[in-house]
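Working notes, beginning with the structure itself.
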Amino acid sequence: MIVGIETGGTKVVCAAARADAPDVPVLTGRFPTTTADETIGRIHDFIAEAGAEDAVEAIGLASFGPVDADPASARYGWITTTPKPGWADVDLLGRVVPRGTPSAFVSDVLGAAVGELRYGAGRGTSSLAYATIGTGVGVGIVVDGRPIGGDGWPEVGHLLVRRHPDDDYAGNCPFHGDCLEGLTAGPAVLGRWGADASSFPESERAGRIAVLASYIAQMAYSVILTTGSEKVVLGGGVMLSPGLLEATRAALPAIARGYGPKALSVSDPSEVLVAPGVPDSPGVIGALALAADLL
Ligand code: ZN
């Protein structure tokens, strides 16, 4: 048996599967992320249940962060500087994984990128980015099948973008103001317009969607240019806003103007900018895939 765990800022998803079918969980569990002690205790309970009949051979862990995911670091597997109370400087991997059990540790978005590449919208590709535009903005990247991770890097959520001419919102990133996250994450949408992205009044919808789409398309453009991603999977709560995916697709060719790798030179990027293909929690499926890789 293998176990995958996705620790999110608000909930934890656990799954157990056979090593030869990591995308088919035979046992799942989900519970809210509360204190570190309580949450880690519930993860231990899940691991014990998963291993009741067949021993747990490997564990993959994909976590909210920032995380230290550099295997050479003394703090490998730690959640580092999160503002989430009680979760800063927590040795998550060390406290979750029983001694001697092989383990893999990545950020939540990188886990989701692996899940989408292997079993979701990215099947058949070798380089892919998974972006979540939700409470924050995060992007996980796989290049030539290799998940790109380390000590808090990459941090595409804080990319700088060109301002949309109709957008005078200052942005709300505490570090940069109008970086990508400061302009497009859920709290920025609410702060700018007083409504979440799924509740725009019809008369305002097209204009607001165009503003968000221009920033998200710029992120996709930069990620494709720098990493050669064949697809950018766009997930997260803000992306559920009706019409936003389509508007982002429409914005991309206008930015790229035919220049760059194949993914940017197509006139219709509907195969390049895609919705998630793993229906629920691609991060936990990615964590299972990384656990299976260890065996
Ligand atoms: Zn920022």
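For residue 288, the conditions (1) in contact with a Gly (Cβ under 8 Å, 6 or more places away or on another chain); (2) part of a helix (DSSP H, G or I); (3) surrounded by fewer than 19 Cβ atoms within 10 Å (Cβ to Cβ) all hold with the exception of (3). It is to be established whether one or more residues within the stretch 188-205 are in the same structural domain as residue 244 (by TED's automatic domain parsing), buried (at least 16 other Cβ atoms within 10 Å of the Cβ), modelled with pLDDT of 95 or more and within 20 Å of residue 65 (Cα to Cα). Yes, there is a match, as at least one residue in the stretch 188-205 is in the same structural domain as residue 244 (by TED's automatic domain parsing), buried (at least 16 other Cβ atoms within 10 Å of the Cβ), modelled with pLDDT of 95 or more and within 20 Å of residue 65 (Cα to Cα).
Of everything in the stretch 57-82, what is among the β-branched types (Val, Ile, Thr) and in a loop (DSSP other than H, G, I, E, B)? Give them in sequence order. Working first, answer last.
Going residue by residue through the stretch 57-82, those that are among the β-branched types (Val, Ile, Thr) are 59, 67, 79-82.
Scanning the stretch 57-82 gives 80, 81, 82.
Picking from 82, 7, 28, which residue would you name as being within 27 Å of residue 148 (Cβ to Cβ) and surrounded by fewer than 18 Cβ atoms within 10 Å (Cβ to Cβ)? Talk me through it step by step, then tell me what you get.
Working: 7 fails: surrounded by fewer than 18 Cβ atoms within 10 Å (Cβ to Cβ); 28 fails: within 27 Å of residue 148 (Cβ to Cβ).
Result: 82 is the single residue among 82, 7, 28 that is within 27 Å of residue 148 (Cβ to Cβ) and surrounded by fewer than 18 Cβ atoms within 10 Å (Cβ to Cβ).
Does residue 160 fit the bill of being within 11 Å of the ligand (Cβ to nearest atom), under 18 Å from residue 109 (Cβ atoms) and not assigned by TED's automatic domain parsing to the domain that holds residue 109? First the steps, then the outcome.
On the way: within 11 Å of the ligand (Cβ to nearest atom): yes; under 18 Å from residue 109 (Cβ atoms): no; not assigned by TED's automatic domain parsing to the domain that holds residue 109: yes.
Criteria not met by residue 160.
So, in the stretch 139-157, how many residues would count as being within 12 Å of the ligand (Cβ to nearest atom) and not aliphatic (A, V, I, L, M)?
The total comes to 2.
Are any residues in the stretch 174-186 closer than 16 Å to residue 216 by Cα and either loosely packed, with under 15 Cβ neighbours inside 10 Å or within 8 Å of the ligand (Cβ to nearest atom) (or both), and if so, which ones? Residues satisfying the conditions are 179, 180, 181, 182. Taken over the stretch 1-56, the criterion of being among the small types (Gly, Ala, Ser) and assigned to a strand (DSSP E or B) is satisfied by 4, 15, 16, 17, 29. Taking first residues from the stretch 29-56 that are assigned by TED's automatic domain parsing to the domain that holds residue 84 and partners that are part of a helix (DSSP H, G or I) and of a type in the set (Asp, Glu), the Cβ contacts under 9 Å between residues at least 6 apart in sequence or on separate chains come to 29/45; 29/49.
Answer yes if at least one residue in the stretch 248-265 is within 16 Å of the ligand (Cβ to nearest atom), outside the structural domain of residue 22 (by TED's automatic domain parsing) and in contact (Cβ under 8 Å) with a residue 24 or more places away in the chain, and no otherwise. Show your work before the answer.
First, pick out the residues of the stretch 248-265 that are within 16 Å of the ligand (Cβ to nearest atom): none.
Among the residues of the stretch 248-265, not one is within 16 Å of the ligand (Cβ to nearest atom), outside the structural domain of residue 22 (by TED's automatic domain parsing) and in contact (Cβ under 8 Å) with a residue 24 or more places away in the chain, which makes the answer no.
The values are calculated or read from the model by the stated rules, or taken from the named source; none is laboratory data. Fair warning: this is a prediction, and the values are worked out from it, not measured in the lab. Please note: Cβ atoms are built from the backbone with ideal geometry, for glycine as well, and neighbour counts cover all protein chains shown.
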